[in-house]
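**Student:** Structure in structure tokens, see below.
Computed from the coordinates by the stated procedures, all read-outs in this text should not be read as laboratory data. Here the structure is a predicted model, which means the values were calculated and not measured. Ideal geometry is used to build each Cβ from the backbone, glycine not excepted, and the neighbour counts take in all protein chains shown.
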Amino acid sequence: MKTLSANKLCVVIPAYNVSDTIEDVVQGALQFVEKVWVADDGSEDNTAERALKAGAAVLRLEKNRGKGTALRHLFERAIQEGFDAVISMDGDGQHDPLDIPEFIEAHQKNPKAIIVGSRMHARENIPRARYNSMHVARFFISLAANQFVEDTQCGFRVYPLQLIRRMCLTQGRYVTESEILIKAGDMGGRIHFIRIGAIYGAIRSHFRPILDVTAITAYIISYFPLKYLTEGLCANRPDTYYKGNLRDRIAAHPLRDAYYKLMTVLAIIPLTLFFLAMFTAGSVRMKSNFASIRRLGYGFYKISLATHMLPFILVIISCEKLMGLFGIEMRVIDDFINKFYPHLW
């Protein structure tokens, strides 16, 4: 049953080749909200037709541009129609529409916060490699967002549109969802979470484990140099993001953005040592710089160590896969990640 509390809130669904599941998702969502928008991201099947049949309004994108582009179009349409917030869901059945009332209730209590569904409590239902990548991403995205974000990769969220309007979204595909969390947190916004089920099984995701994890990692790494340079030179400034800042201007040109990401990824180890030196010197000369780090109470060493351990993750994973070919099961990476990417918050 729909409620008055959902009148200023709609559901948005970026969808690509999900004709088998989109009707159930749309019909499930329409039990709780008045309007569901589906962005058909250049699907090659009849996703759009089935979404319309189920009662959704459909925004058709001619070419497949990825989830991030579809989300941006959906945000723009919701803003045009006067909605205050949107609930984003996937169209492949990974998100249970019966959880929507809990998202609405959480939004009512914290209307200015992003509400993120968290699956991290259901580790046994999440593929091991996926869980480990989510754990590492959580560590670094939480640092960039100046607060703990329990599940950084779940697309089941409430986005206050006033907050979305205050940021420039420059990234594509699955990187956009990480970009939103980082920028929202780094301009003083709050990110809350509610626990939801982890539905995997036979569901076919369009997430590309190697390419998309690499893209997300590259963006996260590329965000830190300018953030920490600003924090290192300024007193009491944990929130460094504002719309149109230097990082946004770099990202305005795709080739320049790609080059910047490559350079920061290659230079992240010496850069981390540079910021460690700035932090240490600041402890004597300016005790209020690196405000987001100082309020954690752990210093910069653990962050530097975690960054230096990133290459070892690739080595250990490669060794585990190689040993698996010979029938030898290794689970070294789990303990390694737990040790070097702890909960600092």
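**Student:** Going from the alpha-carbon gyration tensor of the chain, what semi-axes, largest first and in whole Å, does one get by taking the root of 5 times each eigenvalue?
**Tutor:** The answer is 34, 24, 19 Å, longest axis first.
**Student:** Lysines near Lys321 by alpha-carbon distance under 23 Å, same-chain residues fewer than 8 away left out - which ones?
**Tutor:** Lys339
**Student:** Would you mind ranking His73, His343 so that the residue whose beta carbon has the fewest other beta carbons within 10 Å leads the list?
**Tutor:** Neighbour counts put them in this order, fewest first: His343, His73.
**Student:** Round to a whole angstrom and tell me the spacing of the C-alpha centers of region 292-319 and region 71-118.
**Tutor:** Measuring centre to centre over Cα atoms gives 32 Å.
**Student:** Would you grab the residues whose amide H sits under 5 Å from the one on Val58? Only those 5+ places off in sequence or on another chain, please, with H modelled 1.01 Å from N.
**Tutor:** Val38
**Student:** P(r) of region 48-184 in 10 Å steps, Cα pairs, percent per bin?
**Tutor:** Bins of 10 Å from zero give 10, 40, 38, 11, 0 percent of pairs.
**Student:** So what is log10(I(q)/I(0)) for region 212-308 at q = 0.11 1/Å, when the Debye sum runs over its Cα atoms only?
**Tutor:** The computed values of log10 I(q)/I(0) come out as -0.34.
**Student:** Then there's this: Can you give the extra length, in nm with one decimal, that the chain gains between Phe336 and Lys63 once fully stretched, where that is 0.36 nm per residue apart less the Cα-Cα distance?
**Tutor:** 94.2 nm
**Student:** Where in the chain lies the longest segment free of GluC sites (Glu not before Pro) that are both loop residues by DSSP (not H, G, I, E, B) and have at most 15 other Cβ atoms within 10 Å?
**Tutor:** Longest site-free region, per DSSP loop and neighbour criteria: 82-328.
**Student:** For region 100-174, just run the numbers: alpha carbon Rg, then divide by 2.2 N^0.38 Å, N being how many residues it has.
**Tutor:** Computed over Cα atoms of region 100-174, the ratio equals 1.20.
**Student:** Then there is this: What list do you get for Thr240, Thr214 if you sort them by fewest beta carbons within 10 Å?
**Tutor:** Details: Thr240 21, Thr214 12.
Least to most surrounded, the residues fall as Thr214, Thr240.
**Student:** Ranked highest first by the average count of other Cβ atoms within 10 Å around their residues, in what order do 257-264, 217-224 fall?
**Tutor:** The most tightly packed comes first, giving 217-224, 257-264.
**Student:** Any idea which of Ala57, Val38, Leu143 is furthest toward the positive side of the dipole for the chain, if Lys and Arg beta-carbons carry +1 and Asp and Glu beta-carbons -1?
**Tutor:** Leu143
**Student:** If the viscosity is 0.692 mPa s and the temperature 37 °C, what Stokes-Einstein diffusion coefficient in µm²/s follows for region 1-122 when Rh is the Kirkwood radius over Cα pairs?
**Tutor:** 228 µm²/s
**Student:** Any idea what the dipole of region 7-206 comes to, in debye rounded to 20, about its Cα centre with Lys/Arg Cβ at +1 and Asp/Glu Cβ at -1?
**Tutor:** 680 debye
**Student:** I've got another one for you. When only Cα pairs under 8 Å and 6 or more residues apart are kept, what is the percent relative contact order across region 212-308?
**Tutor:** Numbers: 77 pairs, mean separation 37.9, N = 97.
Relative contact order here is 39 percent.
**Student:** Picking from Ile126, Thr240, Gln94, whose Cα lies most toward the positive end of the charge dipole for the chain (charges on Cβ: Lys, Arg +1; Asp, Glu -1)?
**Tutor:** Of the candidates, Thr240 comes out farthest on the positive side.
**Student:** Among the lysines, which fall within straight-line cross-link reach of Lys8, defined as a Cα-Cα distance under 21 Å, with same-chain neighbours fewer than 8 residues apart omitted?
**Tutor:** In chain and number order, the partners are Lys35, Lys109, Lys112.
**Student:** Quick one: compute the contact order of the chain, relative version, from alpha carbon pairs under 8 angstrom and 6+ residues apart, as a percent. Could you put the intermediate results ahead of the total?
**Tutor:** Details: 565 pairs, mean separation 50.5, N = 345.
For the chain, the relative contact order is 15 percent.
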